[in-house]
1. Ignoring the sites themselves, what is the longest stretch of the chain with no trypsin sites (Lys or Arg not before Pro) in a DSSP loop and at most 15 other beta-carbon atoms within 10 Å?
2. Rounded to whole Hz and in sequence order, give me ³J(HN,Hα) for segment 402-419 from the Karplus expression 6.51 cos²θ - 1.76 cosθ + 1.60, θ = phi - 60°, writing x for Gly and Pro.
3. Output the relative contact order of the chain, whole-number percent, from Cα pairs under 8 angstrom with separation of 6+ residues.
4. Using the beta-carbon distance between K214 and T236 and R0 = 25 Å, what value does 1/(1 + (r/R0)^6) give for FRET efficiency, to the nearest 0.05?
5. Taking segment 2-253, how much of its Cα-Cα pair set, in percent, is spaced more than 30 angstrom apart?
6. Please state the charge dipole magnitude for the chain, taken about the Cα centre, from unit charges on C-beta atoms (+1 on K and R, -1 on D and E), reported in debye and rounded to the nearest 20.
7. Run the reach check for K248 against aspartates and glutamates, Cα to Cα strictly under 20 Å, same-chain hits fewer than 8 apart removed. What comes back?
8. If each residue's Cβ is checked for other Cβ atoms within 10 Å, how do W297, W113, W374, W266 rank with the fewest at the top?
Amino acid sequence: MSMIDVKHISYQYGEKQVLQNVSFTVYEGEFFGILGPNGSGKTTLMKLLSRDLSLQEGAIFICGQHIETYKPKQYAKLVATLPQHTDVSFGYTVKEMVELGRYPYQSSLFPQWTEKDEQVVNEALHCVTLAHKQHVLLEQLSGGERQRAALARALAQQPRVLLLDEPTNHMDVAQQFKLLNLLKQSKLTVIAIFHDINIASLYCDRLLFLRDGKVVACGTPKELLNESMIASVFETKMKRYEHPVLPKPLVTFVPFSEQRIDDVLWHVRQDEKLLVVETIKPFKVISSALVGGGMRWATTFVNRHVSLDYYCDDAEREMIQFLRQRGFDEQWTVGMMTAVDVNDVAFASVHEDVRLFVAVTAGVGNAVDSANAWRRTDTVISPGTINTFVFIDGHLSEAAFVQALMTVTEAKAKALYDKQVVDPQTNTIATGTSTDCTAIAASQQGTYYEYAGTITTIGKQLARLVYEATQTAIDRYRKRKGES
């Protein structure tokens, strides 16, 4: 059911047109966000909704009734406003300010304060977590606390609609989310102006985009928060991602385009215990590594040799301690373990249409056929493994990262097949080992690769290098073991 209907409203200050033919509907119980660049008409629109300004053209209906037909106290019971800047009433305590929200319910020149009024005020104070400061003077509060006191006053009106102009202004991060969680749970119809697109995405059911006083679009965050829409409204470059926990989009602004860096992108060093690849700038990585698994940015890639009898209840924690002791920052490190001698690493690279570098160590003593792993009875994970590092001088889309990971896995499996590596328990051809780790790292500069599947330009080269390096690494492992 619609709560607010805005129909073809226009507004101008003198000769300056600030709103032009704006129409939209807000439904009951909806959290509705208004976004747009400075000067797009957001605050003027909010003042028209709050009746701080009178309509010039068009109409606004609330609960089916024209906004101008409500008497002031009637309207105050229906709509409450939290402005962008809260004026401090010197000499007033927090509770006295909140009590002003009960004015619409006073029916005479000599108001009668009731138990109901007291209950509503106390509930509003508790809602904004200011009950413990109810007797403190407003001028003694921080900016964020004053904003919460103003919200408590609005809640004390017991409105059906709450109008908010930058509701988290002056609040720290914790208070922002406490306030917005409260508003989301209130079931009120909320219309709020936001400057933070990601906060609007997290909390709003729908968004209205304004630019130059006109409606650009109205829809859900998932529908509107795409790169082309943001660019058209805010004239800035951004990238869209998905929230890691919620089905909500997040946007990241790209501040500038970096120029090409030096031709040397990575350095390799190794000793008896470590293989280390260091990049001269952060690379974006997707990996299954023990440390730094998932998606992150990294500058250091470590393959650590451990003994065959290595065992630890918390291998990740032990690995982090190991890295710290050697001066590596785990926040910027992708770390793997292997029982293979790191001197048997196989390198492969190409500098043709695409620039790639691959490093593989391969221990296949605990090889596994994934298709028949369900037949195995063992649960002990040993440190023998195939560790694969891939470095790409290019800009990969998120899809390309995943496709590159698939391409590497397929090429590795084919190398094991051609080398007749067998799962010792099922006696079938292995597809990998039980502890394989792979890292795909890209410089995120230069050529853009939307895809990295096996028949793409980058995928073909990637598969070839991984296949060749894996075969070479298996040969070196077998030679050291004295196998044919």
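Quick note: the coordinates plus some simple rules give every number you see, no bench work behind them. Being a predicted model, the structure only gives us computed values, none of them experimental. FYI the Cβ positions are ideal-geometry reconstructions off the backbone, even for glycines, and counts take in every protein chain you see.
1. Values: sites that count: K187, K237, R260, K273, R326, R376.
In the chain, the maximal stretch lacking such sites is 1-186.
2. These are the phi-based 3J(HN,Hα) values: 5, 5, 4, 4, 5, 4, 4, 5, 5, 5, 4, 4, 5, 5, 5, 5, 5, 8 Hz.
3. Working: 994 pairs, mean separation 57.0, N = 484.
It comes to 12 percent, rounded to a whole number.
4. Details: r = 19 Å, r/R0 = 0.75.
FRET efficiency, K214 to T236: 0.85.
5. Cα-Cα pairs in segment 2-253 separated by more than 30 Å: 29 percent.
6. So the dipole magnitude of the chain works out to roughly 620 debye.
7. E30, D196, D205, E223, E227, E398
8. W374, W113, W297, W266
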